[in-house]
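Okay, so here's the structure we're looking at.
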Amino acid sequence: MISAKMSTCRVWKSCVSAIASLIEEAAFRFTPEGVKLRAMDPSHVSLVELELPAKMFQEYRVKEEKVIGLSVSRLDEFLSRAKGEEEITLELDEQQNKLLLTLRGVSTRKFGLPLMEVERTEVPDTGKLELPATADVSAGALIEGLKDAQLVGDSVRIQLGPEGLTLSTESEKGSTEVSMRKGDPSIQLVGSPPSVKASFAIEYLLNMLKASDPQEWVRIKMGQDMPIRLELSIGEKKGERGSLTFILAPRLETE
C-alpha cells in the first residue's frame, strides 16, 4: 500500500516543475523512509536527486519499497492545476495501474496518472565528485543575476572564491556582471573557498531554480572547469525538510 498526504501542494508543484524541465519520465522510489528519485537528462548534461523524507508528510503509509515509473511531464501538467494551498494525497492503485492524485480545497478533484515502464539507466555516484569551493547564495539574487545574463547570452561564467561570487557574460549584444562579495547579505562563504570558475547554460540553471524560494539559500559547489552542484532545501518546517539537488556539466569556453 502506498498513500502519501501533504497539507499543501507547494512542494510537489515546485519540485516536479523543475524536474520536468530536464527529464520526460522518471522512476520514483517510495520507501518506508520517504520518496526518492535519481535521474539524468537524455543528453547526460544534468542530473537530479530528490529526497522527501516521510516526516515531511502529514500522513505517510508505505510498508515496503516500490518503484513507480511516471511521465514527469504529464505529472507536471496535472500539478499545474493544483492551487498551492490545496491538500494533496498520492495513492497507488495497482488494479488500475495508476497513481491517483487527490486535491482537496474548496472542492475535491481527482486525477489518475498511468504508470509506465521507465528505462533503467546507470546514474553516476555524485558522492565521489570533489568540488572544493562552496557558498550559500540567496536564491532570489542568483535568479536575478542569471536573468540579467540571459539578456545578452545563453551561457554564464560563474567565478567563486574567497572574495565572493561573480556572474558574467559577454556577446555581440553587450555584457552583464553581477557580484556578490564576502560580507554582502546575498552570500555566505563556506570556509575559505579556492578561486574557481566555469561556464554553464543559463536556461538549465534557471529551470533548476524553479523549485527554490527566492527568500531561501541555495548551496553552490564548484571546481575549476568542473560541474556545478546546486543544493536546495525543500519544505517549510526546519528539521522536517527534504532536498532537491542538481548537477550541471560545464560548457567548454572558446577563445
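So here's what we get for this one:
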{"quantity": "Spin-label zone in region 199-220 - amide nitrogen under 16 Å from a point set 7 Å from the Cα of K173 along the C-beta vector", "calculated": "200-207"}
{"quantity": "Inter-label distance for K83 and N97, nm, one decimal - labels placed 7 Å from Cα along Cα-to-Cβ", "calculated": "3.6 nm"}
{"quantity": "Distance (nanometres) between label positions extended 7 Å along Cα→Cβ at E240 and K5", "calculated": "1.4 nm"}
{"quantity": "Prolate/oblate/rounded call for region 129-224, Cα gyration tensor, a/c under 1.5 rounded", "calculated": "prolate"}
{"quantity": "Sequence ranges 198-209, 121-132, ranked by mean other-Cβ count within 10 angstrom, highest first", "calculated": "198-209, 121-132"}
{"quantity": "Residue pairs, from the table K128/K210; K147/K182; K13/K128; K5/K210; K110/K147; K182/K210, whose Cα atoms sit over 28 Å apart", "calculated": "K13/K128; K110/K147"}
{"quantity": "Helix-only CD estimate at 222 nm, as mean residue ellipticity for the chain, using -39500 (n - 2.57) per DSSP H run (n ≥ 4)", "calculated": "-4500 deg cm²/dmol"}
{"quantity": "Check: the chain dipole with +1 on Lys, Arg Cβ and -1 on Asp, Glu Cβ, in debye", "calculated": "800 debye"}
{"quantity": "Region 96-185, dipole about Cα centre (Lys/Arg Cβ +1, Asp/Glu Cβ -1), debye to the nearest 20", "calculated": "720 debye"}
{"quantity": "Tensor-based shape of region 44-170 (alpha-carbon gyration tensor, a/c under 1.5 rounded, otherwise prolate or oblate)", "calculated": "prolate"}
{"quantity": "Cα gyration tensor shape of region 25-83, rounded if a/c is under 1.5, else prolate or oblate by comparing a/b with b/c", "calculated": "oblate"}
{"quantity": "Nearby aspartates and glutamates by direct alpha-carbon distance to K63 (threshold 17 angstrom, same-chain neighbours under 8 apart not counted)", "calculated": "E33, E91, D93, E94"}
{"quantity": "Computed over region 1-153: relative contact order in percent, which uses C-alpha pairs under 8 Å that are six or more apart", "calculated": "25 percent"}
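Readers should treat all values here as calculations from the given coordinates under stated rules, not as data from a laboratory. Note that the coordinates shown come from a computational prediction; the quantities given were computed from them, not determined experimentally. As a convention, Cβ positions derive from the backbone with ideal geometry for all residues, glycine included, and neighbour counts pool all protein chains shown.
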